[in-house]
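Each remark here refers to the structure printed beneath this line.
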Protein chains: 2
Amino acid sequence: MENLYFDIKVNAALYSKDPQSSALGKKILKQGILMLESLGYEDFTFKKLGKEIGSNESSIYRYFDSKHTLLVYLVNWYWSWTEYRLVLSTHSMVDPKRKLEKALSILTEPVRVDQRFDYIDEEVLYQIIIAESSKAYHTKDVDAENEKGFYRTYKRVVQRVSDMVLLINPDFEFPHMLISTVIEGVHHQRYFSKHLPSLTDFEEGKNNIVRFYKDLVFKTIQ
Amino acid sequence: MENLYFDIKVNAALYSKDPQSSALGKKILKQGILMLESLGYEDFTFKKLGKEIGSNESSIYRYFDSKHTLLVYLVNWYWSWTEYRLVLSTHSMVDPKRKLEKALSILTEPVRVDQRFDYIDEEVLYQIIIAESSKAYHTKDVDAENEKGFYRTYKRVVQRVSDMVLLINPDFEFPHMLISTVIEGVHHQRYFSKHLPSLTDFEEGKNNIVRFYKDLVFKTIQ
DNA sequence: GCAAATATAATAGTATTACTATCATTATTT
DNA sequence: AAATAATGATAGTAATACTATTATATTTGC
């Protein structure tokens, strides 16, 4: 059953064969997300994934060069999707403060499933973003990969929200630092709340992470 | 030549044999730091380290169970050392704002070499902290390792500085989030400034990272 | 409906990793 | 000088992260 209206564009340098273009490719993405989350990046292998989807390791390699590029692909998918949601929900807004507030909601609130992509479980993908995404760029190859555009979507999201900050206060000196701090911070706080809670002030159902970062942003840019 | 007056205490669960207790152990630490930094965590191996120090892989395993515990050891050493500097430079201060300011200096300014530990190059270690330390806790074993106290020194530093925040504003709701956000944020910004500069507003010699985070903290807690 | 083209599966193989185990050698202590 | 402890050398194992080759389906174009 096909229920999607469009694809999320991901940098073609990240795959040998577009996984969104075939049934096997989509199975790799779907089950890859579930296994990456359950096993963790280190224990995840293409061999295990192949077994799980009744396919062969060598077939997966025809889509992705390595599990590293699969991770980067997923991170990119996430940021493309986030950029899409960001643009969609803020483009018609005129009041700069409301606009930024909305953008911060998208960056700080937990993710909910988007029915349009049945081969991506966005909630599970979000867990991967929280726990593993920093491994995408903490590599000795960052610079080479950056040149190939591996982190372009992430940078674009930061740029867009930074621009919203400048709309409110054009003299604010550090919009990129502020927004990348919020993005990475949210992921850390969600990870810590599960595993190292004394590093946070998380309380179930009290929305502290969202409240904390929104408040921090508006106070900082004044 | 022995020029140290005391050792930095590191959780004994992190080693099989205390590396600070022997010449070989110190060589493992010293050269381990240099190689971890130059090769990166993924490409670093005990075999390569053994070759470099003219020793055997198996000898290194007698000190550390795995390269993961070596990394966690170094991260712990760093936080113990930072806690020591923190306490030393703030304990006599009475004005809460100056006290917090000083603490933030220690957390945000680049690290300088401490002559007392000739087997630790703190500046290189700091590069490891920036580029690799998040891998210490982004593991499937976090919870088990947390129970063994692998992250205790980090948590203690966060707690100490959070307490300083509460000294200024006892009603501030999120001191731990704030301080862990600053700590992780600084590392990210220093990493980004080298590899993904468009995510920052770093400018050489302008102290932007320090200024940004100090300003952010004081504005947020008011 | 069949051949050609394409995609996938199966198998095998390689160098490296992350260890463990055993035994030999060298230092240190008593 | 003997005992003890530390280190080094060697070998071995299961798994990883691939690459290469060949075989078998499946799709498509005519």
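The values are calculated or read from the model by the stated rules, or taken from the named source; none is laboratory data. It should be emphasised that the depicted structure is a prediction, and the values quoted were computed from it without experimental measurement. Areas reflect the complete protein model, heavy atoms only, side chains present, ligands, DNA and RNA absent. Shrake-Rupley method; radii C 1.70, N 1.55, O 1.52, S 1.80 Å.
Available extension along the chain between residue A:159 and residue A:171 is 2.7 nm, counting 0.36 nm per residue and deducting the alpha carbon span. Solvent-accessible area of residue B:99, all protein chains in place: 40 Å² (probe radius 1.4 Å, heavy atoms, ligands and nucleic acids excluded).
Here segment A:154-200 and segment B:45-76 have alpha carbon centers that stand 36 Å from each other.
Restricting to DSSP H runs of at least four residues, report the calculated mean residue ellipticity at 222 nm for chain B, -39500 (n - 2.57) per run over all residues, nearest 500 deg cm²/dmol.
Working: 11 runs with 139 residues, N = 222.
Taken over chain B, the calculation gives -19500 deg cm²/dmol.
I need the shape label for segment B:69-221. Rule: rounded when a/c is under 1.5, else prolate if a/b > b/c, else oblate, with a, b, c from the alpha carbon gyration tensor. Verdict is rounded for segment B:69-221. Association of chains B and A removes close to 4500 square angstrom of accessible area from solvent, both sides included, for a probe radius of 1.4 Å.
Accessible surface of residue B:26, taken over heavy atoms with a 1.4 Å probe and every protein chain present, rounds to 40 Å². Pairs exceeding 31 Å between alpha-carbon atoms, taken from A:97/B:214; B:17/B:102; B:97/B:140; B:194/B:219: B:17/B:102; B:97/B:140. The heavy atoms of residue B:74 present about 0 square angstrom of accessible area, all protein chains included, probe 1.4 Å.
For the protein assembly as shown, just say rounded, prolate or oblate: build the C-alpha gyration tensor, square-root its eigenvalues into a ≥ b ≥ c, call rounded for a/c under 1.5, and beyond that prolate if a/b exceeds b/c, oblate if not. Oblate, since a/c reaches 1.5 and b/c is not below a/b.
With a ≥ b ≥ c the root eigenvalues of the C-alpha gyration tensor of segment A:50-113, is it rounded (a/c under 1.5), prolate (a/b larger than b/c) or oblate?
Numbers: a/c = 4.14, a/b = 3.39, b/c = 1.22.
Here segment A:50-113 falls in the prolate category.
Can you list the DSSP H helices in chain A whose Cα atoms extend at least 15 Å along the helix axis and whose mean Kyte-Doolittle hydropathy is -0.5 or higher?
Details: long enough: A:23-39 (23 Å, 0.67); A:67-90 (34 Å, 0.11); A:96-108 (18 Å, -0.39); A:152-168 (25 Å, 0.21); A:175-195 (30 Å, -0.38); A:208-221 (20 Å, 0.39).
Flagged H segments are A:23-39, A:67-90, A:96-108, A:152-168, A:175-195, A:208-221.
Test of understanding: what is the full-extension gain from residue B:91 to residue B:48, defined as 0.36 nm times their sequence separation minus their Cα-Cα distance? Could the numbers behind the result be given before it?
On the way: separation 43, 0.36 × 43 = 15.48 nm, distance 4.27 nm.
Value of the extension gain: 11.2 nm.
Of all the accessible heavy-atom surface of the protein assembly as shown, with the other protein chains kept in place and a 1.4 Å probe, what percent is carbon and sulfur? Please report the intermediate quantities before stating the final value.
Working: 9720 of 19310 Å².
Answer for the protein assembly as shown is 50 percent, counting heavy atoms of protein chains only.
Using a probe of 1.4 angstrom and keeping all protein chains present, the accessible surface of the protein assembly as shown works out to 44 square angstrom per residue.
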